[in-house]
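Worksheet: one structure, shown below.
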Amino acid sequence: MAKTTSIGRKPKVCLVLQGGGALGAYHIGAYQALEEAGYTPDWFAGISIGALNSTILAGNKPEARLEQLERFWERISWPGTDVTIPTEFSLAFNTVSANTALAFGQPNFFYPRLVNPWVASPGDGATSFYNTAPLFDTMAELSDFGLINSNEVRLTVGATRVTDGELVFFDSYSDTIEPAHAVASGSLPPGFPATKIGEDHYWDGGVVSNTPLNGILELAEDEDLLIFMVDLWNAKGELPQTMPEVLWREKEIQYASRTCEHLEALVAKRNLDHLKRAAPELISSAQVPDVTALTAGKKIDIVHITFDPLQGHIPLSDTEFSRRSIRLRRDCGYKDMQQALRESPWTQPDDKLPVHFHRRQKDGTWRKPQAASSVKPTKRKKAVLTEIV
C-alpha cells in the first residue's frame, strides 16, 4: 500500500497512462513494479493505448490484473515474433514488423478494410483504413465491466468528440463504462473509425491531449493524491540527422509537448490558487487572473517517468507490435518505475505547496519544473511565484 504522508494520511494512488500505440507495452512493466512494491492503484486513467491498458487493469481483481494485461498484449500480437536477434538487425526486424501490422492488422485488435476508404461509398467504411470490431470483443473478454462500474476501483478514459472537438472524460464514478469507451479513446483517425457512444461519435483522446492528467485533477475530490504518470513520448531529444529521425522526432514533439504544456499549466494554476488563498497580500487580483479552483486533493505528488526509444527504433515504432519489442519495452518500464519507487522523490522535504511534479533529469536527480504562467509579477512577487512548483 502507499506510504503515508508526514502527518499520517495515506494518499490515493493513481496510475495515469499516456497514449502511444505499441509503445504502451512500457506500461506493463511500470504497473508490475508498482504492484510488487505494494502501491496498488485506487484509480486508473488513460488515453488511447493507455485507456485500453487502464481498462484491463481496472476490470480485474488486483491478483489477476498483471496476468490479464499480459494476456491482452499476447492476444493482440502475432505469435512467433519474440525472437532473439543481434542488435544490429533490430532496425530491419522492426521495419518488417511494422509493415506487417500496416498490411494485415493485429490479431484481436484491427484488420484492414477490403475497400480502400478513398474509393468507398460515404459512411463508416470511407472514414478509416482499418476496422476495430475485434477490439470490442477482446476488451469484453478480458475486463469485467461489472467490476469497473461497482466503484471498487475508479477508471477514467478520455476521448475526443468528433463534432465539436471537445476532450470528454468518461469516469466510472459517474458513467456506466462499456468496451466502447475504451475503444473510443483509442480510435485514432484516419487509421481507426470514430466510435459511437450514445448519440455522439468519438476519436482518440490524443487528438486533443495525450494524457488524462487534467481529467484526474478536475474529477478528484478533497483528498491526497500520489499520481504515477507513465508517458511514452519524450519532449527532449537529439537533433535529427536523417529523415527517419526527423519523422520520429516530429511525432515525439507532437505528442509529448502537449503533455508538458498541460502539466505545467495545471500545476501552476493549482498552486497559484492556493497562494491566493493562503497569502493574498502577495498577489493582487490585477496581476493574477482568476483561477478556477481545481478540486484535486489537499496534497498532490505527480511522479513522472518516460519511455526512451530502444536501439533500432523506427518512425513507425508505435505501430510495431512484435512480441520481442513488447518484451523489451516492458522491461524498460519495470526498471524505470523500480528506480522511481526506490528513490521516492515525493517523500523528500517540500515547500508545503499543494502540488509537486517530480520529473527525472538527465543527471539522475529529480527536479520540479518552474511554474508555467502568463502572470508577469513584480520583483517582489516574482521571488514567490518562481517557487510555486
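Some observations on this one:
- Subset of segment 198-214 [without any contact (Cβ under 8 Å) to a residue 60 or more places away in the chain and either closer than 11 Å to F169 by Cβ or of a type outside the set (D, E, K, R) (or both)]: G198, H201, Y202, W203, V207, V208, N214
- Complete set of residues in segment 130-150 that are closer than 14 Å to W203 by Cβ and open to solvent by 20 Å² or more (accessible area, probe 1.4 Å): Y130
- Residue, least open to solvent (accessible area, probe 1.4 Å), within segment 42-59, restricted to residues that are closer than 25 Å to L188 by Cβ and in a loop (DSSP other than H, G, I, E, B): G59
- Out of L341, L328, one residue alone is surrounded by fewer than 21 Cβ atoms within 10 Å (Cβ to Cβ), modelled with pLDDT of 95 or more and over 30 Å from F109 (Cβ atoms). It is L341.
- Considering residues of segment 236-276 that are modelled with pLDDT of 90 or more, among the hydrophobic types (A, V, I, L, M, F, W, C) and open to solvent by 40 Å² or more (accessible area, probe 1.4 Å) only, the residue farthest from the chain's Cα centre (by Cα): M243
- Failed item, numbered, when V153 is tested on (1) touching an Asp or Glu at 6+ places or on another chain (Cβ under 9 Å); (2) open to solvent by 30 Å² or more (accessible area, probe 1.4 Å); (3) not basic (K, R): (2)
Conditions (1) within 11 Å of the chain's Cα centre (by Cα); (2) more than 22 Å from W346 (Cα to Cα); (3) buried (at least 19 other Cβ atoms within 10 Å of the Cβ), marked per residue:
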residue: L188; (1), (2), (3): no, yes, yes
residue: A194; (1), (2), (3): no, yes, yes
residue: H201; (1), (2), (3): no, yes, yes
residue: G205; (1), (2), (3): yes, yes, yes
residue: V208; (1), (2), (3): no, yes, no
residue: E218; (1), (2), (3): no, no, no
residue: I227; (1), (2), (3): no, no, yes
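- Test: residue in segment 13-20 that is more than 19 Å from the chain's Cα centre (by Cα) and either part of a loop (DSSP other than H, G, I, E, B) or modelled with pLDDT of 95 or more (or both): no
- Residue count for segment 167-182 satisfying the condition of being touching a residue at least 24 places away in the same chain (Cβ under 8 Å), among the acidic types (D, E) and open to solvent by 40 Å² or more (accessible area, probe 1.4 Å): 1.
- Answer residue from segment 81-103, given it is part of a loop (DSSP other than H, G, I, E, B) and open to solvent by 70 Å² or more (accessible area, probe 1.4 Å) and is modelled with the lowest pLDDT among those: T84
- Taking every residue in segment 65-94 that is more than 18 Å from S54 (Cβ to Cβ) and β-branched (V, I, T) and pairing it with any residue that is open to solvent by 90 Å² or more (accessible area, probe 1.4 Å) and at pLDDT below 95, at least 6 positions away or on another chain, the pairs with Cβ-Cβ distances below 6 Å are T87/Q311.
The values are calculated or read from the model by the stated rules, or taken from the named source; none is laboratory data. Everything quoted here is computed from the prediction, not taken from an experiment. Neighbour counts are summed over all protein chains in view; Cβ atoms, including those assigned to glycine, are modelled from backbone coordinates with ideal geometry. Just the protein is used for accessible areas: all its heavy atoms, side chains included, with ligands, DNA and RNA removed. Shrake-Rupley method; radii C 1.70, N 1.55, O 1.52, S 1.80 Å.
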